[in-house]
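Take a look at the structure below.
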Amino acid sequence: MSHPDAAPAGDFLRDKIARDNENGTFGGRVQTRFPPEPNGYLHIGHAKAICVDFGIAEDFGGVCNLRLDDTNPDTEESEYVESIIEDVRWLGYDPPQPLRHASDYFAQLYEWAELLVLQGKAYVDDQDIETISAQRGGFGKPGVESPFRDRPAEESLDLLRRMKAGEFPDGSRVLRAKIDMNSPDMSLRDPVMYRIRHAHHFRTGDEWSIYPTYDWAHGQSDAIEGVTHSLCTLEFDTHRPLYDWYLAQLPLPAEAPQQTEFARLELTHVVTSKRKLMALVREGIVDGWDDPRLPTLRGLRRRGYPAGAIRDFCTFIGVTRTNSRHDIELLESFVRRHLNVTSQRRMAVLRPLRLVITNWPSDADGNPVVEYFDIVNNPENPDDGTRPVAFSGELFIERDDFAQVPPPKFFRLSPGREVRLRGAYFVTATDVATDESGNVVQVNATYDPASRGGNSPDGRKVKSTMHWVSAAHAVPAQVALYERLFTAAVPGAATGDPMDDLNPDSVELIEDAQVEAALAETAPGEVVQFERLGYFAHDPRTPMLFHRTVGLRDEWANIRKRAAK
């Protein structure tokens, strides 16, 4: 689904790969990979990477592997692996089988590490990580060589094998590549390749006591799998020289892959740091990884975001080498456009006020007559047909749709004013009933029998059409209304801590909404439009709990209008 406001941004990655194919690079073969670490749930930023990695492979008739970067046993769990697989499939991509893991290559990585030690290109360092970090120096400041840098290869090899055998405690030794401690590229200042971790790995158990760093595992895993184009976000730009250096030292099974970086996806009012997201979950600020306020794919899915809208959004913003932050309203506009076509319309009253039609007829037994109106399910899709909606003499309307003393430009119901009830009749308010505190608890009105279907018999105009629900046929529901989880467009910009910008009123749970009976038949996860109120998703686990997905107003269009002035 294209966005009508502008053309999609450019895509330098596809242009590059097209040139590679024209030049015969990799024999015209295209293979990518999506390599998340299974230490949390995927978020909207990952969605862009998924669309890039899988989408490019698909466009060029290639292959994209889903490879779990499971090199840190302290933070990784099978739960996250399963969630990643499910989220990738939900987004619309089917990873080829078998699924890949960095741990599949632990034996080969270790064999290559021994090779670098024997070649004098790696050594075991007995210093702790804090000392090593301090000795790396900084930009314009040379590094300090480790006193163990020139230890004999045989000694380093013996120590490495004993590290692997589990003889030494955590943090007591590391294996480092021997490159250049004075390199202007910090990544080449003798980076760590292995660290000791006596930790249980969810796949390999207790087989390993040493685990590879990301930089040591990543490029080599790409090479083992036959990846041609290793596509990463811009923060890995500084890692590319090391990526290339490692590959150049090893007897690879095929051509060395090429790493190319692109801008990550950032949105206003959102944080995508796994550490911050984990804190939100663990501190109980949100109700789990699938809380609809979170930018996790689980949260967006539960809130009712269509996978197709997310894919279209990622296509629209394009692939560039310049980091930027996109308005979250732009993403919401894609969600709204998808749902406008696919979602059926229903009537729901969130804050009910009873409306009694005093001239409504009764049947022979004295019971109020019940009529049914055929109301269109989706005016954007005639094939969706109509549904029967019950109407009787007592209804619920929105409390905000009535004003006993109407303010200026208030065109909804008030004493003496006539309005249209959606698809039913014209009604005119006559008087009200109040409680002991003077609050209106019931509005009395009369209806015009000649206006059946909401049509004026004499051409008279009314300025408002209101939704309603028959009181006798209504079904109770819970409705969750959401605001931004973070009030600032860039959370933490003012203080450095995004948590300072948390919105304490980011969710309102309405317990006593009244909705039309057809909503009881909506499938878990289905999104419908509550007429005049917005799009709402039926919770996948809790019957008759609806989450507001997006409102009806296109805020992105308003932003564009303001920017054009």
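Looking only at residues of the stretch 53-63 that are touching a strand residue (DSSP E or B) at 6+ places or on another chain (Cβ under 7 Å) and open to solvent by less than 10 Å² (accessible area, probe 1.4 Å), we find that the one that is nearest to PRO36 (Cα to Cα) is ASP53. Evaluation of LEU91 against the conditions (1) modelled with pLDDT under 95; (2) in contact with a Lys or Arg (Cβ under 8 Å, 6 or more places away or on another chain); (3) more than 17 Å from MET181 (Cβ to Cβ) shows that the sole unmet condition is (1).
The rows are residues; the columns are (1) over 30 Å from the mean Cα position of the chain (by Cα); (2) in contact (Cβ under 8 Å) with a residue 12 or more places away in the chain; (3) farther than 25 Å from ARG33 by Cα; (4) open to solvent by 40 Å² or more (accessible area, probe 1.4 Å).
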site: GLU167; (1), (2), (3), (4): yes, no, yes, yes
site: ALA177; (1), (2), (3), (4): yes, yes, yes, no
site: PRO184; (1), (2), (3), (4): yes, yes, yes, yes
site: PRO191; (1), (2), (3), (4): yes, yes, no, no
site: ILE196; (1), (2), (3), (4): yes, yes, yes, no
site: ILE224; (1), (2), (3), (4): yes, yes, no, yes
site: GLU235; (1), (2), (3), (4): no, yes, no, yes
site: PRO241; (1), (2), (3), (4): yes, yes, no, yes
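For the condition acidic (Asp, Glu) and either open to solvent by 20 Å² or more (accessible area, probe 1.4 Å) or assigned to a strand (DSSP E or B) (or both), ASP291 does not qualify. What are the residues in the stretch 243-271 that are open to solvent by less than 30 Å² (accessible area, probe 1.4 Å), under 26 Å from GLN31 (Cα atoms) and not hydroxyl-bearing (Ser, Thr, Tyr), if any? Residues satisfying the conditions are LEU247, LEU250, PRO257, GLN259, GLU261, PHE262, ALA263, LEU265. Taking every residue in the stretch 395-423 that is more than 17 Å from ASN455 (Cα to Cα) and pairing it with any residue that is of a type in the set (Phe, Trp, Tyr), at least 6 positions away or on another chain, the pairs with Cβ-Cβ distances below 6 Å are LEU395/TRP468; ILE397/TRP468; ALA403/PHE410; LEU413/PHE402.
Scan the stretch 408-446 for residues that are farther than 21 Å from GLU516 by Cα and among the β-branched types (Val, Ile, Thr) and the total you get is 6. Considering the stretch 353-445, the qualifying strands (runs of 3 or more DSSP E), each wholly inside and each with 3 or more residues that are surrounded by fewer than 17 Cβ atoms within 10 Å (Cβ to Cβ) and over 42 Å from the mean Cα position of the chain (by Cα), run over 426-434. On inspection, LEU242 does not qualify as within 19 Å of ASP497 (Cβ to Cβ) and at pLDDT 95 or above.
Return the pairs, sorted by first residue and then second, in which the second residue is open to solvent by 100 Å² or more (accessible area, probe 1.4 Å), the first residue lies in the stretch 369-383 and is closer than 15 Å to ARG452 by Cα, the beta carbons are less than 9 Å apart, and the residues are 6+ apart or on different chains. Every condition considered, the pairs that remain are GLU371/ARG452; PHE373/ARG452. Here LEU13 fulfils each of the conditions (1) open to solvent by less than 20 Å² (accessible area, probe 1.4 Å); (2) on the phi > 0 side of the Ramachandran plot apart from (2). A Cβ distance below 6 Å, combined with a sequence gap of six or more or placement on separate chains, defines the contacts here; from the stretch 459-483, residues that are farther than 15 Å from HIS538 by Cβ reach residues that are among the aromatic types (Phe, Trp, Tyr) and open to solvent by less than 20 Å² (accessible area, probe 1.4 Å) in the pairs SER470/PHE391. Among the strands (runs of 3 or more DSSP E) contained in the stretch 466-565, which hold 2 or more residues that are surrounded by 14 or more Cβ atoms within 10 Å (Cβ to Cβ) and small (Gly, Ala, Ser)? Fully inside the stretch 466-565 and qualifying: 475-482, 534-538.
Condition first: among the aromatic types (Phe, Trp, Tyr) and either open to solvent by less than 10 Å² (accessible area, probe 1.4 Å) or more than 20 Å from the chain's Cα centre (by Cα) (or both). Can you find one or more residues in the stretch 86-102 that meet it? Checking the stretch 86-102: not a single residue is among the aromatic types (Phe, Trp, Tyr) and either open to solvent by less than 10 Å² (accessible area, probe 1.4 Å) or more than 20 Å from the chain's Cα centre (by Cα) (or both).
Residues considered: ARG351, ARG325, ARG337. Of these, the only one that is touching a residue at least 60 places away in the same chain (Cβ under 8 Å) and farther than 30 Å from LEU91 by Cβ is ARG351.
If a residue must be small (Gly, Ala, Ser), modelled with pLDDT of 95 or more and out of contact with any strand residue (DSSP E or B) (no Cβ under 8 Å at 6 or more places or on another chain), how many such residues does the stretch 507-565 contain? Count: 0.
Report yes if some residue within the stretch 194-202 is modelled with pLDDT of 95 or more and either at positive phi or among the polar types (S, T, N, Q) (or both); otherwise report no. So far as the stretch 194-202 goes, no, none of its residues is modelled with pLDDT of 95 or more and either at positive phi or among the polar types (S, T, N, Q) (or both). Residue count for the stretch 162-179 satisfying the condition of being within 18 Å of TRP216 (Cβ to Cβ) and touching an Asp or Glu at 6+ places or on another chain (Cβ under 8 Å): 8. Of all residues in the stretch 217-232, none satisfies being more than 23 Å from VAL507 (Cα to Cα), in a strand (DSSP E or B), of a type in the set (S, T, N, Q) and in contact with a Cys (Cβ under 9 Å, 6 or more places away or on another chain).
Candidates are the residues of the stretch 209-222 that are among the aromatic types (Phe, Trp, Tyr) and open to solvent by less than 20 Å² (accessible area, probe 1.4 Å); the one that is nearest to GLU255 (Cα to Cα) is TRP216.
Pairs linking a residue in the stretch 272-285 that is closer than 12 Å to PHE486 by Cβ and open to solvent by less than 30 Å² (accessible area, probe 1.4 Å) to a residue that is of a type in the set (Gly, Ala, Ser) and at pLDDT 95 or above, with Cβ atoms under 8 Å and 6 or more positions apart or on different chains, are THR272/GLY45. The number of residues in the stretch 204-216 that are of a type in the set (Phe, Trp, Tyr) and either over 30 Å from the mean Cα position of the chain (by Cα) or assigned to a strand (DSSP E or B) (or both) comes to 2.
The values are calculated or read from the model by the stated rules, or taken from the named source; none is laboratory data. Computed from a predicted structure; not experimentally measured. Because the Cβ atoms are built from the backbone with ideal geometry, glycine has one as well, and the counts that use them run over all protein chains shown. Remember, those area values only see protein heavy atoms, side chains included, never the ligands or the DNA or RNA. Shrake-Rupley method; radii C 1.70, N 1.55, O 1.52, S 1.80 Å.
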